[in-house]
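Have a look at the structure below before the remarks.
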Amino acid sequence: MSILDYPLVSEIINNLWWFQTESVVPIFKEISIWILILFAISEVIGIVSKMTLNKSEKRVAIGVILFPITLAFWYGLLYSFGSPFGFDFPSINITDIFSHSINNWWFFLIFWPVVLLQIPLGLVGKKGEGGGNILVRTIFAPIYEEFAFRLLAINTMFLITNSIEISLFISAIAFTLIHLPNMDRGKWVGPVWISSNFTLGMIMGIMAINYGLIFAIIFHSLSNLTARLLGEYF
């Protein structure tokens, strides 16, 4: 049995042209004040949550507990206010998201190789005070992560589910999971920052779908740069 015999693989191959011409994530669509608003929201939530949790001795446990609450919060938020962005969350149930996540468990594994890109790219540039390579975090990572999780992941999941809402959620979860091994100044912060990373994934997804991948890349880069500067300052 060859890899082409798998329905999903043949479906993706047969739709390669669709990825380029009818993608649900355009490369560039339009400029809107909402781009800045979404970016500001993600930065405030990320900075406040990370700084607050980092002060707690039980930050890992708190971070893990907050994650399902964050998922429910985002579903409720888009259920009530998602229509201006073209989402129809009342048409799906939150259990649909979990059901597709379980049935397509392999989806969360195929994007893990993007983490390995940090190894060769980490040889370029220098490390900051937190130990992370500055060029990787502020330039390389935003580019390959946005292509992987916003362009490829959302489009692939849309081929499977035919639901942009489910695709948005599952791609954000996949984006969050690859950040679980993250270290910062010798401390394991993956579980601590899991909710803020999910929030970033959701907002970058909304931005990419509505305004274009280029904006998601730019603001992902700015978000990482801001986190680096604030981390070194504090």
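Is it the case, given these coordinates, that Phe140 is modelled with pLDDT under 90 and under 20 Å from Ile203 (Cα atoms)? Considered against the rule, which asks whether it is modelled with pLDDT under 90 and under 20 Å from Ile203 (Cα atoms), Phe140 comes out as yes. All of (1) under 19 Å from Trp112 (Cα atoms); (2) touching a Ser or Thr at 6+ places or on another chain (Cβ under 6 Å) hold for Leu225 with one exception: (1). Counting only residues that are farther than 19 Å from Ser223 by Cα and touching a Gly at 6+ places or on another chain (Cβ under 7 Å), region 23-54 holds 4 of them.
Out of the residues in region 89-126 that are under 20 Å from the mean Cα position of the chain (by Cα) and part of a loop (DSSP other than H, G, I, E, B), which is modelled with the lowest pLDDT? In this case the residue turns out to be Leu117.
When each of Val192, Val136 is tested for being surrounded by 19 or more Cβ atoms within 10 Å (Cβ to Cβ), among the β-branched types (Val, Ile, Thr) and touching a Lys or Arg at 6+ places or on another chain (Cβ under 7 Å), the lone residue that passes is Val192.
Out of region 159-172, which residues are crowded, with 22+ Cβ neighbours inside 10 Å and either at pLDDT below 90 or under 22 Å from Trp193 (Cβ atoms) (or both)? The answer is Leu168, Phe169, Ile170, Ser171, Ala172.
Considered as a group, the residues in region 140-151 that are touching a residue at least 60 places away in the same chain (Cβ under 8 Å) and surrounded by fewer than 23 Cβ atoms within 10 Å (Cβ to Cβ) include one that is nearest to Ser221 (Cα to Cα), and that residue is Pro142. For first residues located in region 66-81 and touching a residue at least 12 places away in the same chain (Cβ under 8 Å), partners that are β-branched (Val, Ile, Thr) and lie 6+ apart or on another chain with Cβ distances below 6 Å form the pairs Phe67/Ile194; Tyr75/Ile94.
So how many residues does region 169-217 have that are of a type outside the set (A, V, I, L, M) and part of a helix (DSSP H, G or I)?
Of the residues in region 169-217, the ones of a type outside the set (A, V, I, L, M) are 169, 171, 175-176, 179, 181-182, 184-188, 190-191, 193, 195-199, 201, 205, 210-212, 215.
Now narrow it down to the ones that are part of a helix (DSSP H, G or I): 169, 171, 175-176, 195-199, 201, 205, 210-211, 215.
Summing the residues that are of a type outside the set (A, V, I, L, M) and part of a helix (DSSP H, G or I) in region 169-217 gives 14.
Scanning region 58-96 for residues that are surrounded by fewer than 18 Cβ atoms within 10 Å (Cβ to Cβ) and small (Gly, Ala, Ser) turns up Ala61, Ala72, Gly76, Ser80, Ser83, Gly86, Ser91.
The values are calculated or read from the model by the stated rules, or taken from the named source; none is laboratory data. Just so it is clear, the structure is predicted and the values come from calculations on it, not from any experiment. Here Cβ is always computed from backbone atoms with ideal geometry, including for glycine, and neighbour counts include all displayed protein chains.
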